[in-house]
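The values are calculated or read from the model by the stated rules, or taken from the named source; none is laboratory data. Keep in mind the model is a prediction, meaning the values are calculated, not measured. Here the Cβ positions follow ideal geometry from the backbone for every residue, glycine too, while neighbour counts run over all protein chains shown. Ligands, DNA and RNA are excluded from the accessible area calculation, which covers all protein heavy atoms including side chains. Shrake-Rupley method; radii C 1.70, N 1.55, O 1.52, S 1.80 Å.
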Amino acid sequence: MRLYPVVLCGGGGARLWPLSRPDRPKPFVAFGGPRSLLRQTIDRVSPLGPLRILAGPDHEILIGETLDAAGVDGRLILEPEPRDTAGAIAAAALEVLAEDAEGVMIVAPADHYIPADERFQQATRGAVGLADDTQSICVMGLKPRKASAAFGYIVPRDGSEGEVARFVEKPEPVEAARLIEGGGLWNIGVFVGPARVFVEALDRHAPEVLAAARAAVKAGERQGATLRLGAAFATAPALPFDR
């Protein structure tokens, strides 16, 4: 079983303006030290396996510079236009599955500040084991420090052994407090599971997304370690994966 970290490096640079801008959105901004958030993410996940980064073509050069500075070889998948995380994950899963039928993906956003790399890797390896044993997709969450409206929440299913009932996106503080009392976690957007299971889940719940990604991968242009997805990618509904 081989692990494949997949870093989602989208974003329009609208948050944290003017520090973050369209030409240099949040993943390329340094927080907590000299390294950008993307560089921190690369350093955190690249020891786990061969790296893939999904992004828009406008940031190809910045990503290449970051990979060179990190001394990491990574494959780059460029989207002709953003279609949210479901489309990006679909394209990545198809690419991994074409290379390795047993490959397990670790999907992580590029704009997180997580100073405890070893703890993150340890938790991720635990999720990998669970995902492989159950042939399911595992969602990683963070124990809330407070009831915050700035986070999405993972709501567990009552009486289950770790099953997710639903996701709640940025609830009001009163609702957030109620979710925390019921065992809710902050949703950090990290998903772990076999590439095959990701494809099966998309085929079942978002077939239009998977069909567009499949056509875009098939028609994509490959140059070295870079895949430029075909125009069909833009026909995918713009959906977050955890919807």
query = Name the pairs whose Cβ atoms lie under 6 Å apart, with the first residue in the stretch 19-43 and closer than 17 Å to Leu67 by Cα, the second open to solvent by 10 Å² or more (accessible area, probe 1.4 Å) and of a type in the set (D, E, K, R), and 6 or more positions between them or separate chains?
reply = Lys26/Asp111; Pro27/Asp111; Leu37/Asp111
query = Restricting to the stretch 108-134, what's the tally of residues that are touching a helix residue (DSSP H, G or I) at 6+ places or on another chain (Cβ under 7 Å) and either part of a helix (DSSP H, G or I) or of a type in the set (Phe, Trp, Tyr) (or both)?
reply = 5
task = Can you confirm whether the stretch 145-164 contains a residue that is of a type outside the set (D, E, K, R), open to solvent by 40 Å² or more (accessible area, probe 1.4 Å), touching a residue at least 24 places away in the same chain (Cβ under 8 Å) and part of a helix (DSSP H, G or I)?
result = no
remark   = The one condition Ile61 fails out of (1) open to solvent by 20 Å² or more (accessible area, probe 1.4 Å); (2) touching a helix residue (DSSP H, G or I) at 6+ places or on another chain (Cβ under 9 Å) is (2)
key: Candidate set from the stretch 123-141 (those that are under 18 Å from the mean Cα position of the chain (by Cα) and of a type in the set (S, T, N, Q)); member that is farthest from Pro5 (Cα to Cα)   = Ser136
ask   = Can you tell which of Val192, Val197, Val174 is open to solvent by less than 10 Å² (accessible area, probe 1.4 Å) and under 28 Å from Gly159 (Cα atoms)?
value = Val192
key: Positions within the stretch 120-148 being within 20 Å of Pro240 (Cβ to Cβ) and among the aromatic types (Phe, Trp, Tyr), in sequence order   = none
Residues within the stretch 101-119 that are under 19 Å from Asp242 (Cβ atoms), of a type in the set (A, V, I, L, M, F, W, C) and open to solvent by 10 Å² or more (accessible area, probe 1.4 Å), tallied = 1
ask   = When Glu79 is evaluated against the numbered criteria (1) in contact with a Pro (Cβ under 9 Å, 6 or more places away or on another chain); (2) at positive phi; (3) modelled with pLDDT of 95 or more, which criterion, by number, is the only one it fails?
value = (2)
task = Check Gly126 against each of (1) in contact (Cβ under 8 Å) with a residue 60 or more places away in the chain; (2) farther than 24 Å from Gly32 by Cα and name the one condition it does not meet.
result = (1)
